[in-house]
Amino acid sequence: MRPTSRRMVLGSGVALLALGLTHRSQARPYRLPSAAAMAADRLRPQYHLIAPYGWMNDPCGPVWVTGRHHMFYQWGPDKAAFGNIHWGHATSSDLVHWHHEPVAMSPVPGGPDALGVFSGCVVIVEDQAIAFYTGIEPSVQCTATSDLQMMHWKQNPVPVLSEPPPGLHVDGFRDPLVWKDREGWHMLLGANVRQSKFGPGGVILKYDSKNLKDWTYRTLFYGPTHQAGAYDDAMECPDFFALGDTWVLIYSLGSTVYYASGIYSEGTFHPRIIQPLGYGSFYAGRTMLDEHGRRVLWGWLPEKPERSHGAMEAGWSGVMSLPRVLTADRDAALRLAPHPNLAALEGPHFRQLTPSSWAAPDGPNGRIRLTFIGTEAGRLTFGGQGPFLELDYDPYRPGKELMANGDSAPLPLAARNMLDIFVDGSVVEIFTSSGVCLTTRAYGNTNVAFKLSVEGTFREAVVSARAMSPISPDRLTSSPA
């Protein structure tokens, strides 16, 4: 969860109970805009995964099994603001076209998840899927089981972990990640310790199990970190995996997704590099292996604070990122690239008007690639009556060489650089030749024809600007996948 949202839910649990949560609620709330109104909303993305309505945040337990990719996510069906959190569910054959399935899990009145079904993971054990997730007040770790179709889940009324480790003064205790190796099953949990022999700060706790039911606390797997978070400074949404010989820990803190990469030996992780993994509006990163064994990263793209009122009126808030393929170089640094399956959505080229501008009559929906001289500054604007996307590159602005709509990311000086820009409604994801991705949001005027204009080094760039096909006919992101 994004920090502001966690603060909201942890501080308002009693109020949520008073609302009388409905188990397996499915009906569209009457106060939300109609499906037709959402389909006409030009800020609503056309080729990103998005909840059918209401609130969307963390990806939970993305997994490929029996020929289908499954994405679970935190879903608040009541309104376009945080609350009454369920696990939404969507499936895909290609990680691009998505079909909404019935809600996977809902809060159970009187159960350990009565105040919400929060972030977690899914593991596959023979012919069974097992979900691990967090319930709150108090924070406990819960389980649910299903067959491999994952359409019907049975939520366990007894938590699998009911309290933090004894002897640690812990704030935050959430977001389980479970995996298996030769030694058995392991679980990582995000937390914050107020006192330990290593000092206070955000930590990742490690538990071990032989049977997925009985868990023994082992160690502080990572931390404490002295980076500031929010609410309780807990590290959030841990993920841990190997990329070749490199082991990677992902966690979210503050408003940023970080990675630590290094060596994992005899149950101990030795990080060599600690860097942001996402820049701009990107949080709660989780990964999966696709059908070809590629490590794919997902994340929640939150709305900007100034959009909160507009989101409530529009009836939706939050978007899932595009799938991002993760690789590691020889120095254990991570690189991001758009998943190759996204190329199937590419449509016609924008129409060229002059050497420095292109017409895009369908508005904010396209993929724009630029390969340019990286030693000179440049500027790109995309919009109609006023810029919708303003992008500025300055190779002599250390650490913020790339800026877009107020968000920034590094793009070090190089003889040649590349940008791969996905614009989809109010979402902009920018992949760079350095392996970084910057995500921002755009809420400008969409009811006019768009034009792409370039200045500076971008005037001499090799440019490919294409429309992107929608993944459903009505912007509701649910068609046969």
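The values are calculated or read from the model by the stated rules, or taken from the named source; none is laboratory data. This structure is a prediction, so every number in the text was calculated from the model and none was measured. Note: ideal-geometry Cβ built from the backbone for every residue, glycine included; neighbour counts use all protein chains shown. Each accessible area value is taken on the protein alone, full model and side chains, heavy atoms only, with ligands, DNA and RNA left out. Shrake-Rupley method; radii C 1.70, N 1.55, O 1.52, S 1.80 Å.
Here are some notes:
- Residue list for the stretch 92-120, filter: assigned to a strand (DSSP E or B) and surrounded by fewer than 19 Cβ atoms within 10 Å (Cβ to Cβ): 99
- Only listed residue being buried (at least 22 other Cβ atoms within 10 Å of the Cβ) and farther than 22 Å from residue 308 by Cα, chosen from 422, 388: 422
- Summed over the stretch 382-416, residues that are more than 13 Å from residue 461 (Cα to Cα) and not in a strand (DSSP E or B) total 16.
- Some residue of the stretch 324-333 being hydroxyl-bearing (Ser, Thr, Tyr), assigned to a strand (DSSP E or B) and open to solvent by 60 Å² or more (accessible area, probe 1.4 Å): yes
- Filter pass, residue 162 being open to solvent by less than 70 Å² (accessible area, probe 1.4 Å) and in contact with a strand residue (DSSP E or B) (Cβ under 7 Å, 6 or more places away or on another chain): no
- You will find that of 293, 315, the residue that is open to solvent by less than 40 Å² (accessible area, probe 1.4 Å) and either under 27 Å from residue 225 (Cβ atoms) or not aromatic (Phe, Trp, Tyr) (or both) is 315 and no other.
- Scanning the stretch 214-237 for residues that are within 19 Å of residue 184 (Cα to Cα) and either surrounded by fewer than 16 Cβ atoms within 10 Å (Cβ to Cβ) or out of contact with any Lys or Arg (no Cβ under 6 Å at 6 or more places or on another chain) (or both) yields a count of 7.
- Being in contact (Cβ under 8 Å) with a residue 24 or more places away in the chain, over 18 Å from residue 463 (Cβ atoms) and within 21 Å of the chain's Cα centre (by Cα) is a description that does not apply to residue 305.
- The set of residues in the stretch 246-264 being open to solvent by 10 Å² or more (accessible area, probe 1.4 Å) and free of Cβ contacts under 8 Å to residues at least 40 places away in the same chain consists of 247, 256, 258, 263, 264.
- Contact map, the stretch 61-84: first residue under 16 Å from residue 103 (Cα atoms), second residue part of a strand (DSSP E or B) and charged (D, E, K, R), Cβ cut-off under 8 Å, separation 6 or more or different chains; pairs are 61/286; 62/286; 73/58; 74/58.
- Residue 51 at pLDDT 95 or above, within 27 Å of residue 238 (Cβ to Cβ) and in a loop (DSSP other than H, G, I, E, B): yes
- Filtered residues of the stretch 129-147 (kept if open to solvent by 30 Å² or more (accessible area, probe 1.4 Å) and within 17 Å of residue 67 (Cβ to Cβ)): 147
- Filtering 379, 367 for residues that are assigned to a strand (DSSP E or B), open to solvent by 10 Å² or more (accessible area, probe 1.4 Å) and more than 30 Å from residue 88 (Cβ to Cβ) leaves a single hit, 379.
- Any chance residue 274 is in a strand (DSSP E or B), open to solvent by 30 Å² or more (accessible area, probe 1.4 Å) and closer than 25 Å to residue 338 by Cβ: yes
- Taking every residue in the stretch 28-43 that is in a loop (DSSP other than H, G, I, E, B) and of a type in the set (Gly, Ala, Ser) and pairing it with any residue that is surrounded by 12 or more Cβ atoms within 10 Å (Cβ to Cβ) and at pLDDT 90 or above, at least 6 positions away or on another chain, the pairs with Cβ-Cβ distances below 9 Å are 34/315.
- Hits in the stretch 435-465 (condition: surrounded by fewer than 19 Cβ atoms within 10 Å (Cβ to Cβ) and either among the aliphatic types (A, V, I, L, M) or farther than 19 Å from residue 359 by Cβ (or both)): 435, 443, 448, 449, 456, 460, 462
- Listed conditions (1) of a type outside the set (Asp, Glu); (2) touching a strand residue (DSSP E or B) at 6+ places or on another chain (Cβ under 6 Å); (3) at pLDDT 95 or above; (4) open to solvent by 80 Å² or more (accessible area, probe 1.4 Å) are all met by residue 198, apart from (3).
- The test for being open to solvent by less than 30 Å² (accessible area, probe 1.4 Å), touching a Phe, Trp or Tyr at 6+ places or on another chain (Cβ under 8 Å) and at pLDDT below 95 does not hold for residue 320.
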